[in-house]
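Okay, structure first, notes after.
The values are calculated or read from the model by the stated rules, or taken from the named source; none is laboratory data. Computed from a prediction, not measured in an experiment: that's the story for all the values here. SASA here: full protein model, heavy atoms, side chains in, ligands and nucleic acids out. Shrake-Rupley method; radii C 1.70, N 1.55, O 1.52, S 1.80 Å.
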Amino acid sequence: MVPETLQLRSAAKVGGGASIMRKQQERDEASEDAPGSEPRSALAAAVSQALWLWNAKQHASDLLTRAQMQALLRAESWLPALLAQAVFGRVAGSASAAAADAAEVAEAEGQRSMLAKTEGPISCIAWHPHRSLVAIAHRASDAVFLYDLAHDAWCATVLQNPYMQGITCLAWQPNCGYTLAVGCTAGVGLWSMLPQRPQPSPPGVLEAPGLGSAPFSAWMSLLSFPPLPRSYAPHRSAASVSALAFSPSGQWLVAGHQDHGHLTVWDVALGCATPVRRSGSSRRSATLHVAFSPNGLYVVSTHANGQLRLWETERWTSRLWSDLGANVAHVAWSPDSRSLFFAVSASAEICALVLCKAPSSLEAEISVVSAFEAHATAPGDCSDEERIRVGGAIKSLALDPKGQRLVVGFDDDSASADISLLAVYLVSTDALFRAGGGSGALIPLGYIRGPGWGCQRKQDAELPEAKKKRVRLGPPIPSWIGFAPNFEPGALLTVAWANGKVSFVPMLFNASAFSK
């Protein structure tokens, strides 16, 4: 038997529960009679209808794709794959899609072999931000070789991995020892290198361990990228990388892609990626170059559709310039992060983008600071009959870390121009902020010749007299130019040539002769 006290308590609980339900019902009835209930109910109905329509659209899209796939598979059983694809479209997993993917791979391999013949075996070079260490990517072997300039020796360990195919760019992580990011068709391979135990240093001398010429430990992690939206082509790769840039602090890694114009921002320490979708989803908007400003507050990206986009890294808002007329060939930030130099393909003009306000502001102006028209010149050791024609469309440019020397390379757009010469300018960034634009910002200094350039005089001597007066071309041509980040006496230019050689050209600054 249940005690009477417990029966009373349970009855009170039941009665209390019923009263609570009645109160809730009264509140609902009162809320329905309230003046603002109709808009809220209408909004809820609209939201539910929108969700229902979105789900119906997704379901219809899946059904349509499935029907298209079945029709294409049936058509491919009795029609050629290309004809079936032309009639029913391209569907992932079908024979026509596989054939199209194979054709794209073959085309990429053909372009790669063509680049190896025209641009040379070296695809890109990257300097370590704090040491005299150079990473060189070899195009044919898909391997990265390391050269220690301080010891004038190659490192014994070669960075190579099956996933590292089609290397396009390299970037060392600042403030992180020996960490190298390698951009390729599979994504970003993040190499970590562990140097050997250093030799005992003299008393009172602290020396950081170097990689040296002996083998060292190295391992690679392949960064996984966020998948592309479903609206993209199913064969489109989210991981193919065309450009890389680390922030000056080493925390952020920005990657540009070969198959679309969006950027991916990596937090390297946390291993998480954030896609930034602004510049188009087709291959026509593929990213060409990405560069952080020295203060880390801006990022500039250039794309294959002729766009130049300036980002601020606080909120990742951007400003777009799309009226440049052609693709931007290369960009180079000034050390004060207030301006950057760039050149446009098929143009002989050097342009400057100048920031007009304090950091985080995207207000900027673009002006032409110099135009290098092709002209004939006679070197000091040659006669007038051996005059050389230099200049033309600008292919690449590099600015030294001190902001005093700008080196320009020319495109192979004319058979009469000697594109093996590099033009050197004296830079005055202060002139960019004076009245009248960038007049006087760049002052020509001279030219740099490639290896074996003088040997052609012997070949010219063997030619008939009618061909001696033709403008001579001095092979090899430069395929990559850049400056070492640390060189106290001045600037150290690094040039990769099409014959596979790498030159180091020191530039010793004389403050009494040239001043900014």
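Laid out as a table, the results:
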| item | result |
| --- | --- |
| Under-5 Å amide H pairs with residue 395, H placed in peptide plane, nonlocal only | 409, 410, 411 |
| Other-chain or far-sequence residues with amide H under 5 Å of residue 216's (modelled H) | 157 |
| Gain on full stretching of the segment that runs from residue 502 to residue 175 - 0.36 nm per residue minus C-alpha separation | 115.1 nm |
| Portion, in percent, of the accessible area of the stretch 267-344 that falls on carbon or sulfur, probe 1.4 Å | 47 |
